[in-house]
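Reviewing the structure listed below.
The values are calculated or read from the model by the stated rules, or taken from the named source; none is laboratory data. What you see is a predicted model; the values in this text were computed from it and never measured. We place every Cβ from the backbone using ideal geometry, glycine too, and count neighbours over all the protein chains shown.
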Amino acid sequence: MRDFFKCQECVDLLTDYLEGNLEADVKDRLDEHLSGCAPCINFVKTFEKSKDLTSRLREQQVNIPREVQERVKSFLKEEIVTLSSERLK
Ligand SMILES: [Zn+2]
């Protein structure tokens, strides 16, 4: 029996996924979804890029306000929801 995540659920889990906070079985199911879902793959790539950027800035002792981080996150979420709903049309 296949138990696929919906894209929306994936997005909710992705921050934990990228930070390595997911339980192994949840991570496996997410990996499975990601292997076949282009919008989610793009989301991960975009998210990793923005994480790169924030960690680079952190090395330079620049403090990114939490508010900005949250805004980036919710922007990315809207993006993936738009992409995945367009795919269903
Ligand atoms: Zn997806």
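A quick yes/no check of all residues on (1) of a type outside the set (S, T, N, Q); (2) within 15 Å of the ligand (Cβ to nearest atom):
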{"residue": "Glu19", "(1), (2)": "yes, no"}
{"residue": "Val44", "(1), (2)": "yes, yes"}
{"residue": "Phe47", "(1), (2)": "yes, yes"}
{"residue": "Leu53", "(1), (2)": "yes, no"}
{"residue": "Arg58", "(1), (2)": "yes, no"}
{"residue": "Val72", "(1), (2)": "yes, no"}
{"residue": "Ser85", "(1), (2)": "no, yes"}
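Condition first: under 17 Å from Gln8 (Cβ atoms), without any contact (Cβ under 8 Å) to a residue 24 or more places away in the chain and not β-branched (Val, Ile, Thr). Now tell me which residues in the range 39-62 satisfy that. Passing the criteria: none in range.
Give the residue that is nearest to the ligand (Cβ to nearest atom), with candidates limited to residues of the range 23-42 that are more than 13 Å from the chain's Cα centre (by Cα) and of a type outside the set (S, T, N, Q). Write out each step before concluding.
Taking the range 23-42 and keeping what is more than 13 Å from the chain's Cα centre (by Cα), we get 23-26, 28-29, 32, 35-36.
If we keep only those that are of a type outside the set (S, T, N, Q) as well, we get 23-26, 28-29, 32, 36.
Values: Glu23: 19, Ala24: 20, Asp25: 18, Val26: 15, Asp28: 15, Arg29: 12, Glu32: 11, Gly36: 8 Å.
Taking the candidates together, the pick is Gly36.
The lone criterion from (1) assigned to a helix (DSSP H, G or I); (2) in contact with a Leu (Cβ under 8 Å, 6 or more places away or on another chain); (3) surrounded by 13 or more Cβ atoms within 10 Å (Cβ to Cβ); (4) at pLDDT 80 or above left unmet by Leu22 is number (1).
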